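Novice: This is the structure I want to talk about, given as structure tokens.
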Amino acid sequence: MSRDTEQAQAAVAAVGLALRGDFNAVHGMFAPAQQRRVTAAAIASAWQTHVTRYGAVWSFEASAVHTDSSVTAVTVVLHAAASDLQAIVSLDGKGRLLNLQVTPLAPPWRHPGYALPDSFSEFEVVVGDRPLAVGGTLSMPRASGPVPAVVLLGGGGPFDRDMTMGQNRIGKDLAWGLASKGIAVLRFDKPSHAHAQLVAKNSDFTPKDEYVPFGAAAVDMLRGTQGIDPARIVIVGHSMGGSYAPRVAVARPEVAALVLLAAEAQPMNRAAVRVMSYLADLDPSSTAMRDATAAMSALAANVDNPGLGRRTDPRTLPFGYSGAYWLDVRDYDPVGTARQVGKPMLILQGGRDYQVTVDDDLALWRAAFDVQSGVSIRVYDADDHLFFPGSGRSTPAGYEPAQHVDEAVVTDIAAWIGSLKAQL
């Protein structure tokens, strides 16, 4: 039996266990590092959110197997009453689970109407140093003179360069939209996506390690690229990427400006409890969500404990992340760091965002920068965390239909970057 066949069988077995509701067994299939990061209750809650609401699954089968280095990704298609779904099951060389993500089966991505593919070219690049070097894409406008450029930082989690979530790619929306308006964009895979096993094995790996070396290397690459104006390089970050953008600017003070989209300001452990409470409130009948919220509250409190250390048991901390990870989060002040950097900033926020909110996060940015020259703050009332326009309360289900980043957001970023020459 080939390795691919064995990996496919393991992936199908994991999906089968989840469909039978045996989440303890699914948890036991994960590699040890991942077992420390996630609980059986959390797996059950995620499965309920992303699978159960589509109705009974009448059949499922492995449809594709892709091996890259030591990680195998198996696509398992689930045929449910309301929609076909796909489970992407990542496994290590021993057939142990690294990740299990279920989304509606996506049609081919279509670019937004505001993107003009004929107006720019794209080139593959490598960002960072071995062994964690990652692949990236440079979108370069077809222009005669030097153009401004953006380093794009994705949000928290193992995102690829396009910030793919199901059938949507907000990173690609932003890159193509800005490149169509004469701004070069460099986006790249996060190391937790490209090197999941190496990152998981390193208990000392922190958000600073994930963002700063790669953001700095991307700035250096753009500064040395013909056709790019080295005096107009801007860091654009979404969510956690926005929160850590000022830290990249500290490492590369030659950066001209920052654009923060839905940037976290509230400590992440407390935000996690707030988000879980919001989701539990959406479905008051769900005991799984209430239990998950209570569990998260207990774990989040441990981050604020003065006794937190680099070797604190990850099983006692949110998401199973290490003590070193949470110490880095706890000790980092994004708002204070942005004040220290003192660069022009554009801060953008979705009014319907429940993950990074107007009241909890933007309020802290406003308190620090509302009257500061060179800082603009804008709220898009209809937009959610991914800057998708909509109405009513935002929910995880609202992220799933094929859609694009609000054109007004792309237009405003491009216009603001275009005005930088006058500010610098």
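Novice: With respect to Leu362, is the statement that it is out of contact with any Leu (no Cβ under 6 Å at 6 or more places or on another chain), surrounded by 15 or more Cβ atoms within 10 Å (Cβ to Cβ) and closer than 27 Å to Asn168 by Cα true? Even if it seems obvious, please write down each step before you answer.
Specialist: Numbers: out of contact with any Leu (no Cβ under 6 Å at 6 or more places or on another chain): yes; surrounded by 15 or more Cβ atoms within 10 Å (Cβ to Cβ): yes; closer than 27 Å to Asn168 by Cα: yes.
Yes: the conditions hold for Leu362.
So that you can scan it fast, the table gives a plain yes or no per residue for (1) open to solvent by 20 Å² or more (accessible area, probe 1.4 Å); (2) of a type in the set (A, V, I, L, M, F, W, C); (3) over 26 Å from Ala367 (Cα atoms):
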| residue | (1), (2), (3) |
| --- | --- |
| Ile228 | no, yes, yes |
| Ile235 | no, yes, no |
| Ser243 | no, no, no |
| Arg247 | yes, no, no |
| Leu258 | no, yes, no |
| Ala262 | no, yes, no |
| Asn269 | no, no, no |
| Arg274 | yes, no, no |
| Leu279 | yes, yes, yes |
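Novice: Checking Leu420 against (1) open to solvent by 30 Å² or more (accessible area, probe 1.4 Å); (2) modelled with pLDDT under 90, which single condition isn't satisfied?
Specialist: Every listed condition holds for Leu420 apart from (1).
Novice: Oh, and also: Of everything in the stretch 249-274, what is more than 17 Å from Tyr332 (Cβ to Cβ) and touching a Pro at 6+ places or on another chain (Cβ under 7 Å)? Give them in sequence order.
Specialist: Ala257
Novice: When the stretch 82-106 is examined, which residues are found to be assigned to a strand (DSSP E or B) and either of a type in the set (Ser, Thr, Tyr) or touching a Leu at 6+ places or on another chain (Cβ under 7 Å) (or both)?
Specialist: Filtering the stretch 82-106 down to residues assigned to a strand (DSSP E or B) leaves 84-91, 97-104.
Asp84, Leu85, Gln86, Ala87, Val89, Ser90, Leu91, Leu97, Leu98, Val102, Thr103, Pro104 - these are the residues of the stretch 82-106 that are assigned to a strand (DSSP E or B) and either of a type in the set (Ser, Thr, Tyr) or touching a Leu at 6+ places or on another chain (Cβ under 7 Å) (or both).
Novice: Go through (1) touching a helix residue (DSSP H, G or I) at 6+ places or on another chain (Cβ under 9 Å); (2) over 18 Å from Glu264 (Cβ atoms); (3) surrounded by 15 or more Cβ atoms within 10 Å (Cβ to Cβ) and name the single condition Val356 misses.
Specialist: (2)
Novice: Touching a Leu at 6+ places or on another chain (Cβ under 9 Å) and modelled with pLDDT under 95: which single residue out of Tyr380, Tyr354, Tyr399 fits that description?
Specialist: Numbers: Tyr380 fails: modelled with pLDDT under 95; Tyr354 fails: modelled with pLDDT under 95.
Within the list Tyr380, Tyr354, Tyr399, the selection yields Tyr399.
Novice: Could you count how many residues in the stretch 1-34 are open to solvent by 60 Å² or more (accessible area, probe 1.4 Å) and in contact with a strand residue (DSSP E or B) (Cβ under 7 Å, 6 or more places away or on another chain)?
Specialist: So the answer is 2.
Novice: Working only within the stretch 35-66, note down all residues that are surrounded by 16 or more Cβ atoms within 10 Å (Cβ to Cβ) and among the aromatic types (Phe, Trp, Tyr).
Specialist: The answer is Trp47, Tyr54, Phe60.
Novice: OK, next. With respect to Ala196, determine if the residue is farther than 30 Å from Pro141 by Cα and either free of Cβ contacts under 8 Å to residues at least 12 places away in the same chain or in contact with a Pro (Cβ under 9 Å, 6 or more places away or on another chain) (or both).
Specialist: Criteria met by Ala196.
Novice: If you don't mind, there's one more thing I want to ask. Anything in the stretch 276-293 that is among the small types (Gly, Ala, Ser) and within 21 Å of Gln34 (Cα to Cα)? List them, or say none.
Specialist: Quick first cut of the stretch 276-293, residues among the small types (Gly, Ala, Ser) only: 277, 280, 285-286, 288, 292.
Once the filter is applied, which keeps residues that are among the small types (Gly, Ala, Ser) and within 21 Å of Gln34 (Cα to Cα), the stretch 276-293 yields Ala288, Ala292.
Novice: State which residue pairs qualify: first residue without any contact (Cβ under 8 Å) to a residue 60 or more places away in the chain and more than 21 Å from Pro306 (Cα to Cα) and inside the stretch 326-339, second residue open to solvent by less than 20 Å² (accessible area, probe 1.4 Å) and not charged (D, E, K, R) in any location, beta carbons under 9 Å apart, and separation of 6 or more residues or different chains.
Specialist: Gly336/Pro246; Arg339/Pro246; Arg339/Phe369
Novice: Enumerate the helices (runs of 4 or more DSSP H) found wholly within the stretch 132-233, keeping only those where 2 or more residues are modelled with pLDDT of 95 or more and of a type in the set (Lys, Arg).
Specialist: Working: elements: 170-179, 191-194, 196-201, 207-223.
Those helices (runs of 4 or more DSSP H) span 207-223.
Novice: Also, quick follow-up: Residues to consider are Gln48, Gln35, Gln7; find the one that is in a helix (DSSP H, G or I) and out of contact with any helix residue (DSSP H, G or I) (no Cβ under 7 Å at 6 or more places or on another chain). Break it down into steps so the answer makes sense when it comes.
Specialist: Details: Gln48 fails: out of contact with any helix residue (DSSP H, G or I) (no Cβ under 7 Å at 6 or more places or on another chain); Gln35 fails: out of contact with any helix residue (DSSP H, G or I) (no Cβ under 7 Å at 6 or more places or on another chain).
Exactly one residue qualifies, and that residue is Gln7.
Novice: Follow-up question, since we're still on this one. Only residues that are closer than 18 Å to Ser322 by Cβ and buried (at least 16 other Cβ atoms within 10 Å of the Cβ): list them for the stretch 296-307, please.
Specialist: First, the residues of the stretch 296-307 that are closer than 18 Å to Ser322 by Cβ: 296, 298-307.
Listed by number, the residues that qualify are Met296, Leu299, Ala300, Asn302, Val303.
Novice: Go through the stretch 335-351 and give me each residue that's closer than 23 Å to Ala415 by Cβ and open to solvent by 10 Å² or more (accessible area, probe 1.4 Å).
Specialist: At the first step, the residues of the stretch 335-351 found to be closer than 23 Å to Ala415 by Cβ are 338, 341-351.
Correct list: Val341, Gly342, Lys343, Pro344, Gly351.
Novice: Which members of the stretch 71-121 meet the condition of being without any contact (Cβ under 8 Å) to a residue 60 or more places away in the chain and open to solvent by 70 Å² or more (accessible area, probe 1.4 Å)?
Specialist: Ala81, Ala82, Gln101, Leu105, Pro108, Asp118
The values are calculated or read from the model by the stated rules, or taken from the named source; none is laboratory data. The model shown is predicted, which means the values in this text are computed figures rather than measured ones. Virtual Cβ from ideal backbone geometry, glycine too; neighbours counted across all protein chains shown. Side chains are part of the model used for accessible areas, which takes the heavy atoms of the whole protein and leaves out ligands, DNA and RNA. Shrake-Rupley method; radii C 1.70, N 1.55, O 1.52, S 1.80 Å.
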